[in-house]
Amino acid sequence: MDFRPLNDEERKNLYEALRNNSELGKPIGVNPKDTSFVAGEAKNSEQDVINAIRSVPCHY
Amino acid sequence: MMIQKIKLLLNELQQLLVSSPRQELALGDQKEYSPIRFVRIASGVGQTLVSGYMEHLAGDRKNEEIGWLLLGFREKDKAIILAAIPSGESRDASSVHVKFNSQAQAIAGRILKKREKRLEVLGLFHTHPGKMRRPSSGDFRGDIEWVKSISGRQGVFGIGTIENAPEIYEKSHVANFVSSNAFDWNNLRFSWYSLLQGDTDYKNVKIRWTLGPDLADFLSGHWSILEKNAEGIERILSQQNGSTCDVISYQGEKAFCLLVPTTYPKGVIRAFILGENVKYFFENSEQQFAIDVQENNVDRGIYLVLAELGKK
């Protein structure tokens with residue numbers, strides 16, 4: 001498996017995607033200043049939502 | 001002093017014993033809730049339901065039931081519906097039932113919850129093929145159990161019906177209230193109810209409009225990609241600690257971005273799901289890499305990358 005360092009154009013595209021995402025207030029584990037990775041934390045309230053979604057019964 | 005304290009404790013105990021089931025439910029929750037007095041529907045959500053129902057009726061599966069999961073804010077005595085998540089093409093449906101594709105909806109729920117922390121599941125909207133404007137007895141059997149997992153132990157339920165044949169209906173360009181709990185859009189009726197744990201039947205719930213988006217709208221047009229990859233995405237999200245997913249714009253194209261942090265070597269894997277293809281990247285504190293993995297099942301691809309990283 002090849003791990004190829006990104007060229008300038010590829011790096012620009014990746015940064016742009018991550019930065020836009022962050023500037024829209026929807027950062028996906030990204031530090032908006034430098035696009036480095038920021039770990040998120042698991043939330044109980046998220047799990048409550050997922051459990052409620054998974055348990056939706058059949059409707060008739 | 002001691003006697004006074006005992007009296008106070010006895011009073012509190014008495015209040016707990018004589019309180020109604022509704023009060024007891026509220027006490028059990030983190031927030032205090034009263035029964036829902038009215039529901040506000042964001043204009044964007046109304047538009048999603050109306051246009052989605054109309055598109056459904058124009059499609060090949062028009063004789064089947066269809067539905068949307070509803071998320072929003074649950075406040076003390078009202079609910080504000082701010083997102084409608086579709087039941088998906090992979091829903092299990094017929095003319096008499098609909099079972100949502102909960103796997104794809106769960107991922108949509110995770111993304112929405114990450115974007116807006118206050119969102120909660122409020123209930124759902126589904127259609128009936130005839131003119132039965134109320135939820136059925138079969139709906140009740142499932143919903144009365146399901147509402148236990150919803151904030152305030154109370155859900156909001158919408159029913160869509162076709163009232164008249166389109167050709168005999170005077171066309172309108174706006175929704176019209178026909179009662180405090182229902183509105184019409186041309187020949188379609190949208191009726192709304194609530195159900196609280198312990199209720200013996202659904203209750204009509206007043207509806208009001210409010211200006212606002214459908215927060216799940218960013219998924220429209222990308223739902224088939226989500227459904228196709230839902231199993232793989234969910235496998236990674238549930239098995240890889242700290243992993244997360246969102247929709248981003250990559251070179252002008254919408255992509256589901258799955259992000260998996262790694263410890264040894266320290267870094268992060270990013271997988272961009274673009275239509276049929278998945279692109280993989282790895283980033284450490286010093287450099288970014290494009291990874292050559294010919295694997296379009298995102299979970300398999302991520303695990304191949306993790307295995308490769310393990311050798312380094």
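Bear in mind that the values in this text are calculations on the coordinates, not laboratory data. Here the structure is a predicted model, which is why all the values come from computation and not from measurement. Reconstructed Cβ throughout: ideal geometry from the backbone, glycine too, with neighbour counts over all protein chains shown.
Approximating the spin labels as points 7 Å out from Cα along Cα→Cβ, the B:GLU163-to-A:ARG4 distance works out to 6.1 nm.
Estimated at 0.36 nm per residue, the fully extended path between B:SER51 and B:GLN239 surpasses their Cα-Cα distance by 64.0 nm.
Extension gain, B:SER34 to B:LYS131: 0.36 nm times the residue separation minus the Cα-Cα distance gives 31.8 nm. Taken along the Cα-to-beta-carbon direction at a fixed 7 Å, the label points for B:GLN294 and A:ARG54 span 3.6 nm. Working from label points 7 Å from Cα in the Cα-to-Cβ sense, the B:LYS311 to B:ARG61 distance is 4.3 nm. Across peptide B:117-124, the average count of Cβ atoms from other chains found within 10 Å of a residue's Cβ is 3. Reducing the stretch B:262-305 and the stretch B:237-254 to their Cα centroids gives an inter-centroid distance of 11 Å. A Cα-only calculation for the stretch B:63-119 places Rg and Dmax at 13.0, 38 Å. Stretching B:LYS117 away from B:ASN204 to a fully extended chain increases their span by 28.4 nm, per 0.36 nm per residue minus the current alpha-carbon distance.
Note on the stretch B:187-298: Cα Rg divided by 2.2 N^0.38 Å, N the number of residues, gives 1.54. For the stretch B:226-312, the tally of Lys pairs with Cα-Cα distances below 19 Å comes to 5, considering only residues 8 or more apart or on different chains. By the rule of a C-alpha distance below 18 Å, with chain neighbours fewer than 8 residues away ignored, the aspartates and glutamates paired with B:LYS62 are B:GLU89, B:ASP92, B:GLU163, B:GLU167. For chain B, the alpha-carbon radius of gyration amounts to 1.20 times the rule-of-thumb value 2.2 N^0.38 Å expected for a compact globular protein.
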